[in-house]
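Report on the structure given below.
The values are calculated or read from the model by the stated rules, or taken from the named source; none is laboratory data. Since this is a predicted model, take the numbers as computed values, not measurements. Note that each Cβ is placed from the backbone with ideal geometry, even for glycine, and that neighbours are counted across all protein chains shown.
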Protein chains: 2
Amino acid sequence: MGIVVQKFGGTSVGSVERIRKVADTVTRTADQGHQVVVVVSAMGKSTDELVDLAFQISERPAPREMDMLLTTGEQVTIALLTMALQERGYKARSMTGWQAGIQTDPVHGKALVKKVDTKPITESLERGEIVVVAGFQGISADGQITTLGRGGSDTTAVTLAAALHADYCEIYTDVTGVYTADPRVVPLARKIDEISYEEMLELAHLGAGVLHPRSVEGALLHQVHLVVRSSFVDEPGTWVKEADMMETELNVRGIAHDLKVARIKVLGLPNRENTLTRLFACLADAHINVDMIVQSEHDHEHIDVAFSVDEGEGEEARQVLQAAKENLGFAKILSESGLAKVSAVGVGMMTRPGVAAKMFATLSEAGIRIKMVSTSEIKISCVVEREDALEAVQRLHHAFGLDAKELAEVAQ
Amino acid sequence: MGIVVQKFGGTSVGSVERIRKVADTVTRTADQGHQVVVVVSAMGKSTDELVDLAFQISERPAPREMDMLLTTGEQVTIALLTMALQERGYKARSMTGWQAGIQTDPVHGKALVKKVDTKPITESLERGEIVVVAGFQGISADGQITTLGRGGSDTTAVTLAAALHADYCEIYTDVTGVYTADPRVVPLARKIDEISYEEMLELAHLGAGVLHPRSVEGALLHQVHLVVRSSFVDEPGTWVKEADMMETELNVRGIAHDLKVARIKVLGLPNRENTLTRLFACLADAHINVDMIVQSEHDHEHIDVAFSVDEGEGEEARQVLQAAKENLGFAKILSESGLAKVSAVGVGMMTRPGVAAKMFATLSEAGIRIKMVSTSEIKISCVVEREDALEAVQRLHHAFGLDAKELAEVAQ
């Protein structure tokens, strides 16, 4: 048997008691004959506490010093979990990011992994040790401690699984897997047994929140088999893998939603080749992420453009464009918040006739107005009023035949 | 002007407020034109909290993992202090032990510094940065994180001062300097302006507690000028330097005491060449530190040996020897706890007649019985009943002319 990478997030290692439970899970895997590499986050809220300390001292702490500060959180966890494993009679060794050979670019706070020197880990595994690696962190070429940004422990796990050619990578979390919709919204949501990388990526981007998009991208790129499962309940989770390895009788894999959406409409832009480029360059320069974009003709010489952004960035987007009004040459800007996005996701969905039609019909029958539409190979997203969003999710879940026969039991 | 090393202990960096005060002290020194290297400990009780966590998980946590765990404490402080310095507009850079080039042997929990690669620090200083180094930690030749053991931050400071050829090394603490006796015991104790390394070493060993003996040894070896001063009150502290650079009109520099002493008497040992060797090898094998040793003849064929140990190790010492009774061939073992040691320390003291006589006379006049005596070039120590110890210190302080004219103001 080969290498298994297991990742445990902050809640899973939130107390001494939970660290002991994690040690039980890890040793069970080792007992099955696997070589185990464990990636852990900081305990519970400890990262938030460190952030608090920093902001008591400085309103704008330097990113290098934030990395120096925050990486201590995972270092505490690796030491404690390794002690717990040793206490059970297993050989184990903790490694910080730099000790585990995780080399990144020098961008503090959101570094990208450039290379993994697998020697320290493989040598440790060959000595029969369980290796416990601090997630979220690495080292730059000039010896600085870096962090991979939020969601970084998932990225560490997937990156190590790829570099070590692991059999699979288990992401332990506080839910039992990926669901056809948020079980808090749709009581009949079902756990998905298998999902493709592309579908998972759409669901991750669309707010399912179980896996960070960056880690799914990494898994897709290196074809790492991912399993999302619960660290509290011992049951099979959701496998994320290549679409061609899966049964695909289903049109729609799941319904996702995002409750914090704002829409900006820019009316009467000059109808020229570079208009869109200039408009979105403006927003990119201000580090505003644009999601859906819809363009329509206003008259022969003018176009209208509408786009959606995260609600927190709506007002800034409006101000940035307002300031560039003369330069961009538009007539008017309208912004609207209090919106939501509802998406149906599934590989091959768009090649089947009627999926989009069914989605629009379902919403229309419920009297829910669609304010924007965007489609890709594997998803259809609609922007609706936020007050309609949860009903939309429930109706779509039912309409696409995703409802379970019984209520889901969601472990917390 | 050259390099100044400043060390701040756990109490001095125990809160965000205190870290800001430390930043004020550091920037004042930088404003005077010095290049400043700061060495800090973990905040307040944070090391104790980490130790607690470890012992909740394991009764005997592996030293390697303890080092992994505990070194996070200083790493938090260096990041926060560096932020505070940057907040004041100064260029500053934090460094962990391994980043600062502090190379140690591989003995986890009590590593010895083998070498300092000064390049990272000197390059940083040359860029005009204040360098903030995590005390108490280093890296072994095979890349493991090590700690220097208790008192290790002082050792880091002195080691860096020596390696960087610093002008001097300031040890900031919660007292205003080294005193002629513990001011809590002797209200008329005076702050000592200058003291020799050797005297400080005796005082450190004898329980004065201000400086760790290992750091004084390091300072003596590399002739680093040390200053012990308060991080709360801005006044000159105590300089520790070469004896020949000091005025030496005083016989006795200070009176130290240690309230936790046990005495073991081993009676009727065979009078052979290797008897003492075998007796103390027994204790050394059990890692028991023996302090004073007195040997006397029992009869022509037998000797008696008495020695003092830290009270916490008294019972273990007795058991170790009892178990080796047949092997060592003694007749009887007696142990006594509840004792204390009182010492007069001063360079050149023993070459002046009458110092020992005055000590014995002073104690005898007060009706204090001396149970053991030990002397060196620069000290005389007497073991007495613990209940007599504080009176002994007060009387000796007065008898040797150390009393101040006014009550000492001891900043806490």
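Considering only the stretch B:50-69, state which residues are of a type in the set (Asp, Glu) and within 7 Å of chain A (Cβ to nearest Cβ).
Of everything in the stretch B:50-69, just one residue is of a type in the set (Asp, Glu) and within 7 Å of chain A (Cβ to nearest Cβ), namely B:Glu65.
Can you tell me which residue within the stretch A:11-41, out of those that are in contact (Cβ under 8 Å) with a residue 40 or more places away in the chain and part of a loop (DSSP other than H, G, I, E, B), is farthest from A:Ile78 (Cα to Cα)?
Out of the qualifying residues, it is A:His34.
For A:Thr375, all conditions in the list (1) out of contact with any Leu (no Cβ under 9 Å at 6 or more places or on another chain); (2) not in a strand (DSSP E or B) hold save one; what is the number of the exception?
For A:Thr375, the failing item is (2).
So in the stretch B:14-25, with the set limited to residues that are of a type in the set (Val, Ile, Thr) and within 14 Å of chain A (Cβ to nearest Cβ), which one is farthest from B:Gly135 (Cα to Cα)?
Checked the stretch B:14-25; the qualifying residue farthest from B:Gly135 (Cα to Cα) is B:Val16.
Kindly indicate whether A:Ala181 is crowded, with 23+ Cβ neighbours inside 10 Å, in a loop (DSSP other than H, G, I, E, B), touching a helix residue (DSSP H, G or I) at 6+ places or on another chain (Cβ under 8 Å) and of a type in the set (A, V, I, L, M, F, W, C).
Yes: the conditions hold for A:Ala181.
Considering only the stretch B:76-106, how many residues are without any contact (Cβ under 8 Å) to a residue 60 or more places away in the chain, of a type in the set (Ser, Thr, Tyr) and surrounded by fewer than 24 Cβ atoms within 10 Å (Cβ to Cβ)?
Residues flagged as without any contact (Cβ under 8 Å) to a residue 60 or more places away in the chain, of a type in the set (Ser, Thr, Tyr) and surrounded by fewer than 24 Cβ atoms within 10 Å (Cβ to Cβ) within the stretch B:76-106 amount to 0.
What's the total number of residues in the stretch A:329-355 that are within 22 Å of A:Leu276 (Cβ to Cβ) and without any contact (Cβ under 8 Å) to a residue 60 or more places away in the chain?
The qualifying residues number 0.
Suppose the filter is surrounded by fewer than 20 Cβ atoms within 10 Å (Cβ to Cβ) and over 26 Å from B:Glu377 (Cα atoms); does B:Glu297 pass it? So that I can check it myself, show each step before the final result.
Details: surrounded by fewer than 20 Cβ atoms within 10 Å (Cβ to Cβ): yes; over 26 Å from B:Glu377 (Cα atoms): no.
Criteria not met by B:Glu297.
Within the stretch A:359-366, is even one residue on the phi < 0 side of the Ramachandran plot and outside any helix (DSSP H, G or I)?
Here is the first cut: in the stretch A:359-366, the residues on the phi < 0 side of the Ramachandran plot are A:359-366.
Cutting the leftovers down to outside any helix (DSSP H, G or I) gives us A:366.
Within the stretch A:359-366, one or more residues are on the phi < 0 side of the Ramachandran plot and outside any helix (DSSP H, G or I).
So which residues in the stretch B:231-250 are at pLDDT 90 or above, assigned to a strand (DSSP E or B) and either exposed (fewer than 14 other Cβ atoms within 10 Å of the Cβ) or of a type outside the set (A, V, I, L, M) (or both), if there are any at all?
Once the filter is applied, which keeps residues that are at pLDDT 90 or above, assigned to a strand (DSSP E or B) and either exposed (fewer than 14 other Cβ atoms within 10 Å of the Cβ) or of a type outside the set (A, V, I, L, M) (or both), the stretch B:231-250 yields B:Thr238, B:Trp239.
List the number of the failed condition for B:Glu316; all other conditions in (1) more than 30 Å from B:Asn251 (Cβ to Cβ); (2) in contact (Cβ under 8 Å) with a residue 60 or more places away in the chain; (3) among the acidic types (Asp, Glu) hold.
It is condition (2) that B:Glu316 fails.
Can you go through B:Glu406, B:Glu387, B:Glu377 and tell me which one is among the charged types (D, E, K, R), at pLDDT 95 or above and surrounded by fewer than 19 Cβ atoms within 10 Å (Cβ to Cβ)?
None of the other options fit; the residue is B:Glu387.
Scanning for something part of a strand (DSSP E or B) and within 22 Å of A:Gly9 (Cα to Cα), does the stretch A:72-81 turn up at least one residue?
No, the conditions are met nowhere in the stretch A:72-81.
Could you check the stretch A:251-349 for helices (runs of 4 or more DSSP H) lying wholly inside it with 3 or more residues that are at negative phi, hydrophobic (A, V, I, L, M, F, W, C) and more than 25 Å from the chain's Cα centre (by Cα)?
On the way: elements: A:275-285, A:314-323, A:325-328.
Passing ranges, in order: A:275-285, A:314-323.
Of everything in the stretch A:272-294, what is buried (at least 19 other Cβ atoms within 10 Å of the Cβ) and without any contact (Cβ under 8 Å) to a residue 40 or more places away in the chain? Give them in sequence order.
A:Leu283, A:Ile288
Starting from residues that are loosely packed, with under 14 Cβ neighbours inside 10 Å and among the basic types (Lys, Arg), keep the ones in the stretch A:300-340 and report whichever is nearest to A:Ala262 (Cα to Cα).
My answer is A:Lys332.
If B:Val39 satisfies every condition in (1) surrounded by 22 or more Cβ atoms within 10 Å (Cβ to Cβ); (2) more than 11 Å from every other protein chain (Cβ to nearest Cβ); (3) farther than 23 Å from B:Leu160 by Cα but one, which is the exception?
Checking B:Val39 against (1) surrounded by 22 or more Cβ atoms within 10 Å (Cβ to Cβ); (2) more than 11 Å from every other protein chain (Cβ to nearest Cβ); (3) farther than 23 Å from B:Leu160 by Cα, the one that fails is (3).
Given the criterion within 30 Å of A:Val16 (Cα to Cα) and within 11 Å of chain A (Cβ to nearest Cβ), identify the matching residue among B:Thr72, B:Thr47, B:Thr11.
It is B:Thr72.
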